[in-house]
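Have a look at the structure below before the remarks.
Read the figures in this text as sums done on the coordinates, not as results from a lab. Note that this is a predicted model, so its numbers are computed, not measured. As a convention, Cβ positions derive from the backbone with ideal geometry for all residues, glycine included, and neighbour counts pool all protein chains shown.
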Amino acid sequence: MSTINQREQAKLDVIGKALSRQITNGQASRMLGMSVRQIQRLKKDVREQGEKAVIHKLKGKTSNHHINQYIKKEVLMVVKEYYHDFKPGFATEKLTERHGARISDETMRLWMTEEGLWKPHKQKKITFRSWRPRKESFGELEQFDGSYHDWFEGRYQDGNGDPIETCLLAAIDDATGSITHALFTKNEGVAAVFQFWLSYIRRHGKPLAIYLDKFSTYKINHKTALDNKGLMTQFERATKDLGILLISAHSPQAKGRVERLFLTLQDRLVKELRLGYVNSPKEANLFLEKTFIPQFNQRFSVLPKRQGDLHHPCAEIDFKNVNRIFSIQSQRKVHNDFTIHFKNKWYQLSEIQPATIRPKETILIEEWLNDSIHFSFKGYYLNYLLLPERPRKAKKTPAILTTHKLNWKPPEDHPWRKSYKVIS
């Protein structure tokens, strides 16, 4: 027989008082939190069975929901082989998805804790922060950031066998919590970020606003920027051309949705890439688009407060100027011999140009995402040649470049060749 515990003893004492008529059934019901009818039944059982009546019938016996020890052993063998570093909830998902084993999250947590595969976390110290409600509609605000991490667990290597550092850029919609776009790149530089948002707007359109941190790619943080509001990064200039509002967060917690997303991805995505034998950024980007993001959004995204998509569709002029908008832009002066020096290379402007060019003119240089160089002046793209070396000083150079050659001669019937008489 099972030993009676303190709670059961207290119940037995109350029923004993009710049996001896020291208290009424109503008082006993209030003391034990039971109905009067339950008290009456319990009094009858105590008379017939004694203290056994207050002991649960399954005490000391195997639960009706007990899982066979053989099944537990088989499940733990699979977990140790494939999912030893997974969190219990994620391991449960994969067991159901890949092995057909239906185990509850809490049971898996208990088993993994017993086997030393999972260590319960202590509760974190809570710091008060005011909560910002989600935006109401999809496309109203995108939280964006980049994360450097060992995404491929050393499987992506260079020719010497050394792991190659990789950055994951990702945007999450504030209203729905869905991943709207993610891309593996070499870094979080301007070209990589431009490539990300170029593919984003082609797929979704232009969001109303982007919420990001003060990384140097996105914001000029030098103290001189406080006095000169006109200073902009390449990314700020591009988003201004597209009509997208940029919001800079003053702390990581301010854009907590995308920060928490990366914590999740550094756990789930890394393991999904391992299970899918994905070993390079090119394969990973395809895996993200076709498999991971749809499954992630189906599981974790929420319905927005208001239906509808607030992304602005790209206008025809946006697509026409997309290479210019998403280009790295610099300015250079035209030399007296109509050459331009840029990044240790010399470029010679051709004699015939779509616009009139004079020495000392300021030219806008656009570095497109396809690595091509374009010289722009007054809305026209100039013709040029790449020189093999620095040009020597010429004895005579043209004074101006225009739409035709400078040694142009008028035809015989041109008004300049006709004589004229003074009419008195």
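A few notes on this one:
- Farthest toward positive dipole pole in the chain [+1 Lys/Arg, -1 Asp/Glu at C-beta], among LEU401, LEU245, ALA170: LEU245
- Taking Cα centre as origin and charging only the Cβ of basic (Lys, Arg, +1) and acidic (Asp, Glu, -1) residues, the dipole magnitude of segment 258-344 rounds to 160 debye.
- Mean ellipticity per residue at 222 nm, deg cm²/dmol - from DSSP H runs of n ≥ 4 across the chain, formula -39500 (n - 2.57): -9500 deg cm²/dmol
- For the residue pairs LYS240/LYS378; LYS59/LYS80; LYS17/LYS44; LYS240/LYS305; LYS80/LYS271; LYS186/LYS305, the C-alpha atoms sit more than 25 angstrom apart in LYS59/LYS80; LYS240/LYS305; LYS186/LYS305.
- Cross-link check: pairs LYS206/LYS320; LYS219/LYS360; LYS214/LYS343; LYS73/LYS119; LYS135/LYS320 evaluated at a Cα-Cα cut-off of 21 Å; pairs beyond the cut-off: LYS219/LYS360; LYS214/LYS343; LYS135/LYS320.
- Förster-model FRET efficiency, 60 Å R0, PHE300 and SER350, C-beta, rounded to 0.05: 0.60
- Relative contact order of segment 6-54, defined on C-alpha pairs under 8 angstrom at six or more residues apart (%): 35 percent
- Under the shape rule built on the C-alpha gyration tensor, where the axes satisfy a ≥ b ≥ c, segment 238-302 is prolate, since a/c reaches at least 1.5 and a/b is greater than b/c.
- Partner aspartates and glutamates whose Cα lies under 15 Å from the Cα of LYS43, excluding those fewer than 8 positions away in the same chain, are identified as GLU8, ASP13, GLU51.
- Inter-centroid distance (Cα atoms) of segment 345-363 relative to segment 42-97, Å: 81 Å
- When each of the peptides 366-376, 60-70, 11-21 is scored by the mean number of other C-beta atoms lying within 10 Å of its residues, the order from highest to lowest reads 11-21, 366-376, 60-70.
- Within straight-line reach of LYS255, meaning a Cα separation under 19 Å, sit the following aspartates and glutamates at least 8 residues removed in sequence or on another chain: GLU136, GLU140, GLU142, ASP145, ASP173, ASP174, GLU188, ASP213, GLU236.
- Each part reduced to its alpha carbon centroid, segment 1-41 and segment 231-262 end up 65 Å apart.
- Residue among ARG392, ARG203, ARG274 with the largest mean-square fluctuation in a Gaussian network model of the chain, springs linking Cα atoms under 10 Å: ARG392
- Here the scattering of segment 142-300 is modelled by Debye summation over its C-alpha atoms, one equal scatterer each and no solvent; at q = 0.14, 0.17 Å⁻¹ the log10 of I(q)/I(0) is -0.73, -1.04.
- Shape category assigned to the chain from the gyration tensor of Cα positions, a/c cut at 1.5: prolate
- Between helix 36-49 and the chain: long-axis angle, C-alpha atoms, 0 to 90°, nearest 10: 50 degrees
- Assigned charges on the beta-carbon of Lys, Arg, Asp, Glu; segment 142-300 dipole about Cα centre (debye): 400 debye
- Rg(Cα)/(2.2 N^0.38 Å) for segment 6-54, N = residue count: 0.97
- Shown for PHE338, PHE215, PHE377: other C-beta atoms within 10 Å of each C-beta, ranked fewest to most, produce the order PHE215, PHE377, PHE338.
- Ordering of 313-323, 85-95 by packing is 85-95, 313-323, highest average first (other Cβ atoms within 10 Å, averaged per residue).
- For the chain, a crude dipole built from +1 on the beta carbon of Lys and Arg and -1 on the beta carbon of Asp and Glu, taken about the Cα centre, is about 1200 debye to the nearest 20.
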